[in-house]
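The values are calculated or read from the model by the stated rules, or taken from the named source; none is laboratory data. Computed from a predicted model, the values in this text were never measured in an experiment. Here the Cβ is made from the backbone with ideal geometry for all residues, glycine too, and neighbour counts use every protein chain on show.
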Amino acid sequence: MKRTVVAGNRRIEYTLIQSSRQNVLFQALPEAGLRVYAPKYLRLRDVDEMVRQRADQLLEMQRQTEARLDADRRAHPVTDGSPILIEGKHCILRLRRGPRRSGRLVGEEYQLTLPNPDSDPDVRAAIRSTLSTVALKRIRERLDYFAPRLGVTPGRVAIREQKSRWGSCSRKGNLNFNWKLIMAPPQALDYVVVHELCHLHEFNHSPRFWALVEAQMPDYEVWKKWLKTHTDDMYL
Ligand SMILES: [Zn+2]
């Protein structure tokens, strides 16, 4: 729920997310703005008042998040000829103008067509959407390969924009994956697929869980580490 609070001469807009949680959490997200997670029983005007009282702190949080995002974008431009990592290979981004958004990998080039290739946010959104499609296809293929080997059947499979996670598994057995896995080498994507599938047997990170992962992928630690150390290359 979108809310607006006026504090002195400043307007603060935020998204309120009510849940069964017991405490209030304030978060400044790049692009998504300010988020407030609050328990359902808190009255809206009480949440507004908490936001108003923290106006300085929240605006500063937002300013810092945006500054970080700006710096990241400057460090990782998406103009014609920019480097882009796809399936662990260093490719070159080629931008073309065209009515429909599409992307294809031709040799070492990722040829991206979109209506407005001059707009930085549009190019980023087009990369995200076209590569998400490729990611989902590849992840499904790898799930189909590993699931029978593990004797499991995953539930719903989806690609999510996850800031800090490569994948997740819900109690119901639904799996979510980060679209950026398509930038990583295929073995790193495999590791995340195997990891989430193993959670269908062991909903924890116990030694038994890791033994299952290792049985499918003896060198999984290499790829687990790869994902930890290369997040910066996969910035977008
Ligand atoms: Zn896990």
(message) Of the residues Ala67, Ala135, only one is within 21 Å of the chain's Cα centre (by Cα) and outside the structural domain of Leu200 (by TED's automatic domain parsing); which?
(response) Ala67
(request) Quickly run through the stretch 178-194 and pick out the residues that are assigned to a helix (DSSP H, G or I) and farther than 13 Å from Lys228 by Cβ. (result) Trp179, Lys180, Leu181, Ile182, Met183, Pro186, Gln187, Leu189, Asp190, Val193, Val194
(request) Any chance you could count how many residues in the stretch 178-236 are touching a helix residue (DSSP H, G or I) at 6+ places or on another chain (Cβ under 6 Å), more than 14 Å from the ligand (Cβ to nearest atom) and β-branched (Val, Ile, Thr)? (result) 1
(request) Name the residue, out of Arg142, Arg138, Arg165, that is loosely packed, with under 12 Cβ neighbours inside 10 Å, among the basic types (Lys, Arg) and within 29 Å of Phe209 (Cβ to Cβ). (result) Arg165
(request) Please determine, by comparing only the residues of the stretch 153-177 that are outside any loop (DSSP other than H, G, I, E, B), out of contact with any Lys or Arg (no Cβ under 8 Å at 6 or more places or on another chain) and free of Cβ contacts under 8 Å to residues at least 24 places away in the same chain, which one is nearest to the ligand (Cβ to nearest atom). (result) Arg160
(request) Taking the options Glu202, Glu141, name whichever one is part of a loop (DSSP other than H, G, I, E, B) and acidic (Asp, Glu). (result) Glu202
(request) Specify the residue that is surrounded by the most Cβ atoms within 10 Å (Cβ to Cβ); the eligible residues are those in the stretch 28-56 that are under 19 Å from Val6 (Cα atoms), free of Cβ contacts under 8 Å to residues at least 12 places away in the same chain and not acidic (Asp, Glu). (result) Gln53
(request) Report whether or not Asp70 is without any contact (Cβ under 8 Å) to a residue 12 or more places away in the chain and under 20 Å from Gln162 (Cα atoms). (result) yes
